[in-house]
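Have a look at the structure below, then the notes.
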């Protein structure tokens, strides 16, 4: 079996950035992230106006480059692209990533014709195209990136997105959750490679275990849904659809010249294929976080602990409304609490409201009991940082005691943590922030996904349960 | 007309904290009063101490030399009856019972004790707030039950069966620029109940909108009559706790409330013209719109400042929230064309700012044009706070110039500041400084009375609720 066409072009020996410059704009911008991430191949800036760009020798044209050029990033204006493609054909370039935009998405006839002309030239010359109108490739293992500040570490998530802005935002949101990427590709107008190719690639890619997509329009519907079905059987595929309503559909046309299509058909197809729908980028990341950290959740019976007062009441409502089953506290747990001399054995429930126990309530013990009780399929715990009152408190000891109090690092059932930040608003106290970051890291190291509120945790859990039930 | 019974008791000349100590909640009630610089006398009461938080402590309420108007009780439940006797002798008018473990425990003797306390208080002519609650936050009188509550008063009245909810609401609302006239946590509603608090806020000149968190209604008919009356002059936004089976169980063990049928509740709320929110985040989101925006009676929204996919999803979110993301009017395009814009035929609504060629032409310029067209009833702007390493440090004032807030012809504007939800940026000095600048940007937007949301979805839903409310008012 020969390698997937994308596999060949994602491992370039060298990258030329055509239209590069020193002036901070996007042209220079494509050189800088390659340097930052430590791309090991040669980087060739191309611009007839410069002899040197970002410390590298610059070339007037692609064909002036002395060595092999596998991969070209284009940020020159649209009218100059056909000649550049001819150059690339001559040079034996395998792929051109067209950051260049203003093609069919402008709604202008001549621009759409130019786009088609480019496709014809590339096809006849054996050059593949990523884009146009996109940010291209983020491939941390190869040291390839299109943005400064993207993580250098790799992970098991593959992302294909019609929006480059979305890739930036998703990678950023995911990083906070400890989630890292195998490859992320922004593919814009999908002129040559389209959603099907990227999905097919991730399906067979051994580095990718979870697939995220942001799609505005599907170029080849029947192939896409066939692929989606076969892929979702082995890897979770989570999709955000942009262009769901009338105005969104107009917006996809002017963004990536996509035909958004009927939302009803879309939802049915995605469900039937066993993929998971998310409605925004936050939910996309939430779901991936759940898939990444948690073993399969077998049923909807949830034990909730650690809320207080009203938040505990609302937690019950929100879990139930998300489709979960907040069962009454099992008798065996009450019996055990009673035997341990708990003064609230008859009063505490599920959700377990920790404010009624005052200072003597054993949070960790309650979670332990829920973990051992077979009536619960999984658990949700509210946590926040410890009270840090400044002064000479020993920070490591504070963190240690806090983790011990909750005692969650060895919980066996799937556990989601709702992590509440104290003191919202102007919370820029760096010491408190460090404490919270350290605790979050400890939790993620123990494979515990974090959510910013109960609604997001509950809805994530419910979609995971649905996914695994369908798969069965 | 005599004053509302609550009006009389929430302006105490002195407050006694019974069960105060230097640690834990008892001391906790003294500290916020000190922090807020409460102007009356504070009397800590605890036979085990001679001094608490720097104040002389008394063995019992009756030992206090001066007048005592208001008592906060954090003694155990079993000691409350004795304390009430003392309060009666001292002429106390109101007792806030932080003390809990009454009917909410589900235990018969605890419920009986609660009733006995009510009978005793009635006999003594003492009014009760609570039990099982955190009581009163009244910034104008410098009264609070939490450290760190804003000292500036505002115009929102809040009544909540959960004290935790008051804490969360006040703090999240503070970050959005909302301030309170009074916030009251009232727990089990043994004496004063939801009706009294609502009635109070209706007639309270310091309150122009009302937030409530309710688990159960003690007097349904009176409540809905009052609610109808309230919404005629002041928006009322309500979160109901205990909507499903497990939530209903939870309200029983939290405040001994009977949650009741959710269907009946929703119908009543809608008929009364109040606004329903499903959680505290929504409560604050909706309130932010009501707090800052004038009445809006149309749904046609202009969106600007997004880029790429976020612009597409913004359209979807607005539409799904019930707003109408109208196409750009032809005359507006003409105007862009005449001004020499190179994307006059391409740009749409939402206006995707990533496609522009002219870097000087910014989000504010698009907002300014949109604000002049009667085709738009309201505007939503993305105020993007993305940090790129190496970015030049800007001042908040300079940053905000691009949004041209002073040129928007009084068109209602909501801002989306996504960075608000991200406290975890890299912890280097640059990003911390950038965050600090964005905090200033936020403060300046609040000063300009712009409601801020961390996500377009939440802005769109809040706007839609606001429009519903004023449509209801107009038709009903």
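So the values come out like this:
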quantity	calculated
Every residue from region B:230-247 that is in a loop (DSSP other than H, G, I, E, B) and more than 7 Å from every other protein chain (Cβ to nearest Cβ)	B:232, B:233, B:234, B:235
Selection count, region A:233-268, where residues are over 30 Å from residue B:343 (Cα atoms), outside any loop (DSSP other than H, G, I, E, B) and in contact with a strand residue (DSSP E or B) (Cβ under 8 Å, 6 or more places away or on another chain)	5
Flag for residue A:296 being outside any helix (DSSP H, G or I), surrounded by fewer than 19 Cβ atoms within 10 Å (Cβ to Cβ), within 12 Å of chain B (Cβ to nearest Cβ) and at pLDDT 95 or above	no
Test: residue in region B:302-310 that is modelled with pLDDT of 95 or more and assigned to a helix (DSSP H, G or I)	no
Sole exception among (1) at negative phi; (2) more than 8 Å from chain B (Cβ to nearest Cβ) for residue A:312, by number	(2)
Test: residue in region B:334-344 that is within 18 Å of residue B:414 (Cβ to Cβ) and more than 7 Å from chain A (Cβ to nearest Cβ)	no
Residue match in region B:338-358 (condition: part of a helix (DSSP H, G or I) and surrounded by fewer than 19 Cβ atoms within 10 Å (Cβ to Cβ))	yes
Positions within region A:325-335 being in contact with a helix residue (DSSP H, G or I) (Cβ under 6 Å, 6 or more places away or on another chain) and more than 7 Å from chain B (Cβ to nearest Cβ), in sequence order	A:333
Residue among A:122, A:78, A:83 that alone is surrounded by fewer than 24 Cβ atoms within 10 Å (Cβ to Cβ), at pLDDT 95 or above and more than 14 Å from every other protein chain (Cβ to nearest Cβ)	A:83
Criterion: farther than 25 Å from residue A:199 by Cα, over 31 Å from the mean Cα position of the chain (by Cα) and at pLDDT below 95 - qualifying residue of A:19, A:92, A:29, A:67	A:67
Count of residues meeting criterion [free of Cβ contacts under 8 Å to residues at least 12 places away in the same chain and either in a helix (DSSP H, G or I) or at the interface with another protein chain (Cβ under 7 Å from one of its Cβ atoms) (or both)] in region B:248-265	5
Yes/no for residue A:356 being in contact with a helix residue (DSSP H, G or I) (Cβ under 9 Å, 6 or more places away or on another chain), within 10 Å of chain B (Cβ to nearest Cβ), at negative phi and not in a helix (DSSP H, G or I)	no
Of all residues making up region A:373-391, the number that are modelled with pLDDT of 95 or more and farther than 21 Å from residue A:409 by Cβ	2
For residue B:100: the one exception among (1) in contact (Cβ under 8 Å) with a residue 40 or more places away in the chain; (2) touching a strand residue (DSSP E or B) at 6+ places or on another chain (Cβ under 6 Å); (3) under 19 Å from residue B:130 (Cβ atoms)	(2)
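The values are calculated or read from the model by the stated rules, or taken from the named source; none is laboratory data. Note that the coordinates shown come from a computational prediction; the quantities given were computed from them, not determined experimentally. As a convention, Cβ positions derive from the backbone with ideal geometry for all residues, glycine included, and neighbour counts pool all protein chains shown.
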